[in-house]
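Everything on this sheet refers to the single structure shown next.
Just so it is clear, none of the values below were taken in a lab; they were calculated from the coordinates. Note that this is a predicted model, so its numbers are computed, not measured.
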Ligand SMILES: [Zn+2]
């Protein structure tokens, strides 16, 4: 059976296998992705919110070396992707503010 998913405007991300009817889901709901897209590791996951750790490298001209910077972002987990566990690599995308501290949503599991 074919399941209907929205075109979220990003080519190389595979849609989830399961469906849901949540409003805050980028594939089956109304939320749109705009802004940053990151790939990171899930540190903690409970109550539909995942804490995702992101690593990036910043070049320092004075020392001619790269510095590693780490940030942790809270991301909403829709019902169709609720099989993620701490330690998984996920892709998250920026959306409208979904709650006071959450403005990212999990797009897929790597
Ligand atoms: Zn969904």
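Have a look at 24, 48, 100 and tell me which one the Gaussian network model of the chain (Cα, springs below 10 Å) gives the largest fluctuation.
It is 100.
Antiparallel DSSP bridges in the chain: what percent, to the nearest 5?
Working: 27 of 28 bridges.
Looking only at bridges with both residues in the chain, the antiparallel portion is about 95 percent.
In nm, what is the difference between 0.36 nm times the number of residues separating residue 61 and residue 83 and their Cα-Cα distance?
Values: separation 22, 0.36 × 22 = 7.92 nm, distance 4.24 nm.
Fully extending the segment from residue 61 to residue 83 adds 3.7 nm.
Once the piece of chain linking residue 43 and residue 101 is laid out straight, how much longer is it, given 0.36 nm per residue of separation minus the C-alpha distance between them?
Working: separation 58, 0.36 × 58 = 20.88 nm, distance 1.66 nm.
Stretched fully, the residue 43-residue 101 segment lengthens by 19.2 nm.
Name the most mobile residue of 59, 45, 76, meaning the one with the largest mean-square fluctuation, in a Gaussian network model of the chain with Cα contacts below 10 Å.
59
Running a GNM on the chain with Cα contacts under 10 Å, which residue among 94, 23, 39 ends up with the highest mean-square fluctuation?
Looking only at 94, 23, 39, the biggest GNM fluctuation is shown by 23.
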